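One structure is given below, encoded as structure tokens.
Just so it is clear, none of the values below were taken in a lab; they were calculated from the coordinates. Predicted model only: the values in this text are computed from it and were never measured. Because the Cβ atoms are built from the backbone with ideal geometry, glycine has one as well, and the counts that use them run over all protein chains shown.
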Amino acid sequence: MLTDRQREVLRIVVEEYVATSQPVGSKHLVERSGLRVSPSTVRAALAELERLGLLMHPHTSAGRVPTESGYRYYASEVLERPERRGPERFALDPTAVRSEIEAALRATTEMLAGATRLLALVSAPPLETTTVRHVEVLLLQPHVVMCVVITATGDVSKRAFTFDGPVDPGLVDWAAQYLNEQLAGLQLGTTGLRRRFEDKSLGTVERSFLEALKPTFIDLLGSDEQRVFVGGAANLLADARREEREAAQQLLEALERRAALLAIIGDALDPKRPFVRVGGELEPALHDAALVGASYGLATRSLGAVSLLGPVRMDYEKAIRTVRAAARELSRFVEDVYEAN
């Protein structure tokens, strides 16, 4: 446990170092921070924070810089305290994104990266959680039928089926009407949806025809890999200091292992609060990085995460405020989309 003065000194050192990338000395702390204490008192606080492993001396300077533990302690304090500077403004225009979640996720990724100059990662809802918005069944040729499924998140699956003999146009029209009436608003991958294809009250011909169209729905669930939208890679390299470029390169290489990143985010995800993972809490290749994130979704369940990945020397308060705001806005957006479907 730190004293109030030690916490304040640590906060100032972290924020000054993030802003300037220069080690922070006791004289600078007294002159610039507004601390109403003597330099000797500040030096004692700095020495104790160093003893605790929260600060360290770069070998070329008398000033201090935060350690990984120092950043982690600071970030945990930011998570617990009320937002000092108010929430970030983060608005998604439903008309601009055509009520499609995929477009909203891309827009969120771009705004996150632009606001923070960090690597933005936004994971999409699992496809099995989305609902059917609309189904089209079209007779392309006497023997060929196309089935098109559009989900609430804007995903589209279409398949063409070739039959041994000519297909009755009336059967095609019936199937389109039946599937829209019975499936609209149902979640993919649910028992309720599957039962609509096995309705015992239907005739043999109708059930057989629906069974032939069923793969269109299964195709949507064919991939186990959760999608993740990424933005800000160019910013990360452009803004990195010389000594941080290797870490920035490691972050970009980590993008090639998106499944591992999603696993890290998933392990840290808490529906009730944002999370921060620093250095050693991530995979070994990201030992010089930090991850800040928050979940978004419906009142009953989380659907995905909004997160920022960057160097350990990042503005944690801004990153936390930004993911909080983005997650709140995305949650409002997906609630409107899911409820409308």
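Per residue of the stretch 277-294, what does 6.51 cos²θ - 1.76 cosθ + 1.60 with θ = phi - 60° give for ³J(HN,Hα)? Whole Hz please, x for Gly and Pro, Karplus curve as stated.
10, 10, x, x, 6, 9, 5, x, 5, 10, 5, 9, 10, 9, 10, 10, x, 8
Would you grab the residues whose amide H sits under 5 Å from the one on Leu186? Only those 5+ places off in sequence or on another chain, please, with H modelled 1.01 Å from N.
Under 5 Å from the amide H of Leu186: Val132.
What residues qualify as long-range amide H neighbours of Arg227, i.e. H under 5 Å apart, gap of 5 or more or another chain, H built at 1.01 Å from N?
Sorted by chain and number, the residues that satisfy this are Ala124.
Report the relative contact order of the stretch 263-313, percent, no decimals, based on alpha-carbon pairs under 8 angstrom and at least 6 residues apart.
Details: 87 pairs, mean separation 16.4, N = 51.
Computed value for the stretch 263-313: 32 percent relative contact order.
What lysines does Lys272 reach when the alpha-carbon gap must be under 21 Å and sequence neighbours fewer than 8 apart in one chain are set aside?
Result set, ordered by chain and number: Lys318.
What are the ³J(HN,Hα) values, in whole Hz, obtained from phi via the Karplus relation 6.51 cos²θ - 1.76 cosθ + 1.60 with θ = phi - 60°, for each residue of the stretch 135-147 in sequence order, with x given for Gly and Pro?
Once rounded to whole Hz, the list reads 10, 10, 10, 10, 8, 7, 9, x, 9, 10, 10, 10, 10.
So in the stretch 129-220, what percent of DSSP beta bridges are antiparallel if you round to the nearest 5? Write out the running numbers ahead of the final one.
Values: 16 of 17 bridges.
Among the beta bridges of the stretch 129-220, antiparallel pairing accounts for roughly 95 percent.
Around Ala305, which amide H atoms from residues at least 5 apart in sequence, or from another chain, sit under 5 Å from its own amide H, with H modelled in the peptide plane?
For Ala305, whose amide H was placed from the backbone, the distant partners under 5 Å are Ser123, Tyr296.
Just flag the chymotrypsin sites (Phe, Trp or Tyr not before Pro) in the stretch 116-225 sitting in loop per DSSP whose Cβ has no more than 15 other Cβ atoms within 10 Å.
For chymotrypsin sites (Phe, Trp or Tyr not before Pro) across the stretch 116-225 that sit outside H, G, I, E and B with at most 15 neighbouring Cβ atoms in 10 Å, the list reads Phe163.
For the stretch 40-56, just list the computed ³J(HN,Hα) in residue order, Karplus coefficients 6.51, -1.76 and 1.60, θ = phi - 60°, integers in Hz, with x standing in for Gly and Pro.
Using θ = phi - 60°, the values come out as 5, 5, 5, 4, 5, 5, 5, 5, 5, 5, 5, 4, 7, x, 8, 10, 8 Hz.
Spin-label point model (7 Å from Cα, Cβ direction): what's the Gln22 to Gln141 distance in nm?
Between Gln22 and Gln141, the label points sit 7.5 nm apart.
Rounded to the nearest 0.05, what FRET efficiency is calculated for Thr3 and Thr190 with R0 set to 51 Å and r the Cβ-Cβ distance? Mind dumping the intermediate values first?
Working: r = 54 Å, r/R0 = 1.07.
According to the calculation, E is roughly 0.40.
Scan the stretch 166-214 for GluC sites (Glu not before Pro) in coil per DSSP, keeping those whose Cβ has at most 11 other Cβ atoms within 10 Å, and list them by number.
On the way: sites: Glu181, Glu198, Glu206, Glu211; in loops: Glu198.
Passing sites in the stretch 166-214 are Glu198.
Using alpha-carbon positions, what is the distance between the centroids of the stretch 287-325 and the stretch 114-166, in Å?
That distance is 29 Å.
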